[in-house]
1. Considering K246, K164, which residue is in contact with a His (Cβ under 9 Å, 6 or more places away or on another chain) and of a type in the set (K, R)?
2. Whether any residue in the stretch 193-211 is under 30 Å from D324 (Cα atoms), at pLDDT 95 or above and either out of contact with any helix residue (DSSP H, G or I) (no Cβ under 9 Å at 6 or more places or on another chain) or open to solvent by less than 40 Å² (accessible area, probe 1.4 Å) (or both) is what I want to check.
3. Looking at the stretch 259-272, is at least one residue at pLDDT 90 or above, within 30 Å of S219 (Cβ to Cβ) and open to solvent by less than 70 Å² (accessible area, probe 1.4 Å)?
4. So which residues in the stretch 123-149 are in a strand (DSSP E or B), out of contact with any Phe, Trp or Tyr (no Cβ under 7 Å at 6 or more places or on another chain) and closer than 24 Å to A176 by Cβ, if there are any at all?
5. Among the candidates V111, V74, single out the residue that is open to solvent by less than 50 Å² (accessible area, probe 1.4 Å), in a loop (DSSP other than H, G, I, E, B), modelled with pLDDT of 75 or more and not aromatic (F, W, Y).
6. How about the stretch 229-309: which strands (runs of 3 or more DSSP E) wholly inside it have at least 1 residues that are β-branched (V, I, T) and within 30 Å of S170 (Cβ to Cβ)?
7. Consider the stretch 182-192. How many of its residues are in a loop (DSSP other than H, G, I, E, B) and open to solvent by 60 Å² or more (accessible area, probe 1.4 Å)?
8. Anything in the stretch 96-108 that is open to solvent by 10 Å² or more (accessible area, probe 1.4 Å) and either touching a Pro at 6+ places or on another chain (Cβ under 7 Å) or not in a loop (DSSP other than H, G, I, E, B) (or both)? List them, or say none.
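The values are calculated or read from the model by the stated rules, or taken from the named source; none is laboratory data. Computed from a prediction, not measured in an experiment: that's the story for all the values here. Virtual Cβ from ideal backbone geometry, glycine too; neighbours counted across all protein chains shown. We work out accessible area using only protein heavy atoms, side chains counted, and drop any ligands, DNA or RNA first. Shrake-Rupley method; radii C 1.70, N 1.55, O 1.52, S 1.80 Å.
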Amino acid sequence: MGDVLLPHAYLKHSVCVASPTPITLCPVSAVGASKVEVSMLEMVEVDLGQTARIPCNFSLPGESHYAYINWFYVSTSAHREAQGGGLTGQDWEYKGRVAMENDFTLTISRVTLQDARTFVCQVGAGSSGVGENRTKLHIYKTPEPPEIQVNDAGIPVTSKEIPKIAVCVSKNGFPAPNITWYKNGSPLWQDDTRNILSTLIKESSGLYTVSSSLFARVSREDRQSRFHCEVSYRLVGSDQTAASEKVNVTVFYSTENLSLMIESPQPQVREGDEVTLRCEGDGNPPPEYNLLKVQRDLPSSNGVLILRKVKKEDSGRYLCRTFDLDSMMKLEDTADLSVNCKGWPGGRRRQGDSSWALCCPSPSPIELHMNLCSAGKLLRSGKQLKLSNVTLESSGNYSCEVAVTGVPGLFRSKQVNVAVHTKPHISSKDFLVLVQQNELVTLMCKAAALPEPTITWSINGKVRPICWMQSWGEVRVLPTTGASGRRRASLGEAVGSEQKIQESKGVIIVAVIVCILVIAVLGAVLYFLHKKGKIPCNRTGKQDMQRNTSI
């Protein structure tokens, strides 16, 4: 290592030449010292690319009439000097970048990493001797923010080896920065449960890249831990730090607790709600779940069952079970689902509807006694009445009667009307009506339906509408007359039987036969009376005339 003279050709006012007058004409020199004394700063700091200023202050003895100043820098190579303005190859690196101000301060512009060295200021005063001192120039470059890469493969708590948690890298800093690891805000140091490995790389640019790997054992609690790294470096006048983002580590551990959750839009599940049953365990990764209703398997998707438009029949106890392969433990949990009535569901129904129920809503937490009635008749005790394959006869008023158990007189009821809509049903049958021609006859057609149907009569092809559920039709009988009724409602139509009306041509024949029979019977009676002598008539008169003649 040697001192290299900074050449005069690159310095402005490189030498302060003393005049016949006292040396004090030199700006920062002082007179009166016993020897040449040079004072300098121990260290000068500057950011990469900026201008460095290295001051040099000195004192001369009183008898000195002139002085000279030389600037050197300490090189790691062999000692070299430049005399008479001669240059060495290495000195070209300062060409156009160095200068000396009027107060003998050395300035270096656009500093590079190679400028981080020691500079020497040498002052000579002839017979008074030579004095020198030195300043170390420090160059700084802010490193890039640290980047952290977590072990995304996951870490099992049962790992026999100490696993890698994450790697932290900070690039292009000068001088080499340092990396510190943190867990939940607390610094981590190397011990028996963790290991920290760091590497330092000097790039071709002269900047440094530092990398640090954290190895540590994990526990179940580390599933919520937050890790980050921090890089520390020096800038002009202060120490600086920069932190990476905080990351979570995927930790694998066995399942110890299992629960079955019921999720619904409201605390009290009502008919028609969407209910989700979900198996949840505290293991990672989660095991396979088997969700079922007691005594009945359910088509769940790995422990999740969605019941859309839940019904009263979905009430019951549900079971979730699992088998953890890591701990070889079998776990299970149950939950009871109670589906309440959505309300007092009256209104319109269709004939044949099944799985329909009337129920009394009872959100009250106290014990209640409920009866379901229709037309004053008790149908069922309880809060629900199931009706299947409803018909027109199922229509009517239903009532829910609620009484507080053990409190006489505390009673309340609510009524609802149920209308079962059906196609028309015709109650008449085929029959024949015997009438005489031109006789006026009354026909009747009966139909049952909801809503109210429209009845039309068809007489010899002519349609005659009559809007009554029970209809009469007056018809003047002709030689061929036929009438039929058609019932039409919103759910369909039905055609009634045809009532045939015919004129009777055998009436006269029947009357003649009846008359002959009456005459025959009368003749027989008279003949019988005559034989018995019950009728004197002409015979008695004849005897009296004969008796009078003989006299």
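1. Testing whether each residue is in contact with a His (Cβ under 9 Å, 6 or more places away or on another chain) and of a type in the set (K, R) leaves just K246.
2. The answer is no; no qualifying residue exists.
3. Yes, the stretch 259-272 contains a residue that is at pLDDT 90 or above, within 30 Å of S219 (Cβ to Cβ) and open to solvent by less than 70 Å² (accessible area, probe 1.4 Å).
4. K136, H138, E147, I148, Q149, listed by residue number.
5. Result of the check over V111, V74: V111.
6. 238-243
7. Summing the residues that are in a loop (DSSP other than H, G, I, E, B) and open to solvent by 60 Å² or more (accessible area, probe 1.4 Å) in the stretch 182-192 gives 5.
8. V98, A99, N102, D103, T107
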